[in-house]
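Heads up, the thing below is written out as structure tokens.
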Amino acid sequence: MKGVSFLATVAILALASSFVSAYDPSPLQDFCVAINDIKSGVFLNGKFCKDPAMVSANDFFFSGLNIPGNTGNKVGSNVTLVNVDKLAGLNTLGISLARLDFAPYGLNPPHTHPRGTEGLIHFQFNIGKTVGLAFAGLSSQNPGVITIANAVFGSVPPINPDVLIKAFQLDKNVVEYLQKAFAPN
Ligand SMILES: *[C@@H]1O[C@H](CO)[C@@H](O)[C@H](O)[C@H]1NC(C)=O
């Protein structure tokens with residue numbers, strides 16, 4: 001009987017511990033270096049709030065999502081992102097959205113959003129040529145984006161080619177080619 005109640009106690013503790021996990025809220029910006037001297041300035045994790053008495057419907061309004069982005073670029077797509085910088089009402093709401101336009105055979109290159117996850121609805125139209133349109137909802141007011149190929153081959157300063165050769169099992173010429181192709185201007 002003693003063994004059973006001991007087991008029951010352990011089980012209850014184990015169950016309870018899953019409800020007490022605590023964590024810091026996700027940061028809204030890339031860095032926020034702490035300072036000890038508060039006189040050197042005040043910076044906020046996020047944006048200041050407008051006086052609620054001055055808030056109007058316009059603060060939650062964005063126009064222009066009906067306008068297609070220009071897809072005449074190397075990847076054949078264009079992302080129109082509406083984040084907190086474009087729509088101030090999104091501040092603290094943890095959400096943003098994007099319109100994606102695709103030329104025929106265009107694509108949105110592999111990427112991640114460091115501060116949010118993404119849900120996508122995709123439409124395809126045939127207007128003489130097949131073009132695509134998608135809307136993305138993102139779980140952050142400022143999700144950020146890291147495009148893998150640019151981050152790997154176009155970083156500044158560049159990643160040592162020897163590392164890329166081994167990591168991606170590529171020929172030296174291929175790495176040099178890719179680093180040139182993705183070098184920022
Ligand atoms: C996306 O479209 C806008 C509006 O046409 C244009 O200003 C911008 O340069 C385009 N971006 C890319 C990456 O092609």
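The values are calculated or read from the model by the stated rules, or taken from the named source; none is laboratory data. Values in this document were obtained by computation on a predicted structure and should not be read as measured data. Here the Cβ is made from the backbone with ideal geometry for all residues, glycine too, and neighbour counts use every protein chain on show. Side chains included, ligands, DNA and RNA excluded: accessible areas come from the protein's heavy atoms. Shrake-Rupley method; radii C 1.70, N 1.55, O 1.52, S 1.80 Å.
How do 147-157, 121-131 rank on mean C-beta neighbours within 10 Å, highest first?
Numbers: 147-157: 13.6, 121-131: 10.1.
Top of the packing list down: 147-157, 121-131.
Calculate the translational D of the chain in whole µm² s⁻¹ from Stokes-Einstein, where the hydrodynamic radius comes from the Kirkwood formula applied to all Cα pairs, the temperature is 37 °C and the viscosity 0.692 mPa s.
The Stokes-Einstein estimate is 155 µm²/s.
Test of understanding: what is the full-extension gain from Lys166 to Asn185, defined as 0.36 nm times their sequence separation minus their Cα-Cα distance?
Roughly 4.2 nm would be gained on extension.
Multiplying the sequence separation of His111 and Asn66 by 0.36 nm and subtracting their Cα-Cα distance, what value in nm do you get?
13.8 nm
Counting only other residues whose beta carbon sits under 14 Å from that of Phe60, what net charge do I get with K and R as +1, D and E as -1?
+1
Using helices alone, what [θ] at 222 nm do you get for the chain, with -39,500 (n - 2.57) per DSSP H run of 4 or more residues, divided over all residues and rounded to the nearest 500? All intermediate terms of the calculation are to be shown ahead of the outcome.
On the way: 4 runs with 40 residues, N = 185.
For the chain, the value works out to -6500 deg cm²/dmol.
For the stretch 74-183, place one equal point scatterer on every Cα, skip the solvent, and apply the Debye formula. What is log10 of I(q)/I(0) at q = 0.14 Å⁻¹?
-0.72
Helix 2-17 sits at what angle to the longest principal axis of the chain, using alpha carbons and giving 0 to 90 degrees rounded to 10?
Compared with the principal axis, the helix lies near 40 degrees.
Working out 0.36 nm times the residue gap between Leu44 and Thr130, then minus their Cα-Cα distance, what length gain in nm do you get to one decimal?
On the way: separation 86, 0.36 × 86 = 30.96 nm, distance 4.54 nm.
Here the answer is 26.4 nm.
If r is the Cβ-Cβ distance from Ile35 to Leu81 and R0 is 35 Å, what FRET efficiency results, to the nearest 0.05? Display every interim value, and only then the final one.
Numbers: r = 31 Å, r/R0 = 0.88.
Approximately 0.70, to the nearest 0.05.
Let me check I've understood the local charge: for Leu90, count other residues with C-beta under 12 angstrom from its C-beta, Lys and Arg +1, Asp and Glu -1. What total comes out?
Charge balance in the 12 Å sphere: 0.
Computing the accessible area with a 1.4 Å probe over protein heavy atoms, can you report the carbon and sulfur percentage for the stretch 34-158?
Numbers: 5230 of 8290 Å².
Within the stretch 34-158, the accessible surface is 63 percent carbon and sulfur.
Leaving out ligands and nucleic acids, note down the accessible area per residue over the chain with a 1.4 angstrom probe, in whole Å².
Heavy-atom SASA per residue in the chain reads 75 Å².
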